[in-house]
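Next up is a structure, given as structure tokens.
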Amino acid sequence: MSAPDASGSLTSVLTSGRHGATGDAPVQIGLRRCDLVQLAARRGRAGELATVMRSSLHMLLPQPGHSASAGEINAFWLQPDTWMLAAPPAADGELAARVKAACGDAGSVVEQTHGRTMLTLSGARAREVLAKLCRLDLHPRAFGPGRVATTRMAEVTCTLHQCDTVPSYELILFSTYATHFAAALTHAAAGVGYSVA
């Protein structure tokens, strides 16, 4: 049985349209619907897990602080021998079943689709907005496309992924904190202006 969609309450915070300061370069904030699973190597089997994921899903599991992709599946490094995998929405539990079939008993797979929420932030001033919420060094020399970090933002643990040079970011956090976090994000973005599609 599926858990309720905790991100549904975000509509009260992420209202469509243009908000905050006026100007010609607002940032864009959104909610990305996706399936999420956490994958962890069983003790002493990280090498085996990497091999089977490469052979079955053609995925090279990313190194610390990085992301990787294979087809429509994206992987984000979380901690040693642990990754979050994201894919476009499909039938309930399909991604978890697919990953479990691929890794066998070399890894543990935990469904996270209903337990986590992915928000997006993009625009020329996106770094400026994030700088109000966290202490990461987001300068392009230190944090660029393909980089991943798990950090505290607005008192919430968040996994941050930079997608491109725009810059565009994906932010993954526990769904129970999504409304609080979205409110903090929109507040931080109000000074530069933001839009929600």
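The values are calculated or read from the model by the stated rules, or taken from the named source; none is laboratory data. Keep in mind that what you see is a predicted model, and the values were worked out from it rather than measured. Neighbour counts run over all protein chains shown; Cβ positions are idealised from the backbone, glycine included.
Would you kindly identify the strands (runs of 3 or more DSSP E) lying entirely within region 130-190 that contain at least 3 residues that are surrounded by 22 or more Cβ atoms within 10 Å (Cβ to Cβ) and at pLDDT 95 or above? Lay out the reasoning, then the answer.
On the way: elements: 148-153, 156-162, 168-174.
In region 130-190, 156-162, 168-174 are the strands (runs of 3 or more DSSP E) which contain 3 or more residues that are surrounded by 22 or more Cβ atoms within 10 Å (Cβ to Cβ) and at pLDDT 95 or above.
Could you check region 1-110 for strands (runs of 3 or more DSSP E) lying wholly inside it with 2 or more residues that are touching a residue at least 24 places away in the same chain (Cβ under 8 Å) and under 23 Å from Ala188 (Cβ atoms)? Explain how you work it out, then say what you get.
Details: elements: 17-19, 27-32, 35-41, 67-70, 73-79, 82-87.
It comes to 17-19, 27-32.
Here is a list: Ala21, Ala25. Which entry is under 25 Å from Phe143 (Cα atoms) and among the small types (Gly, Ala, Ser)? Steps first, answer last, please.
Values: Ala21 fails: under 25 Å from Phe143 (Cα atoms).
Of the residues listed, the single one that is under 25 Å from Phe143 (Cα atoms) and among the small types (Gly, Ala, Ser) is Ala25.
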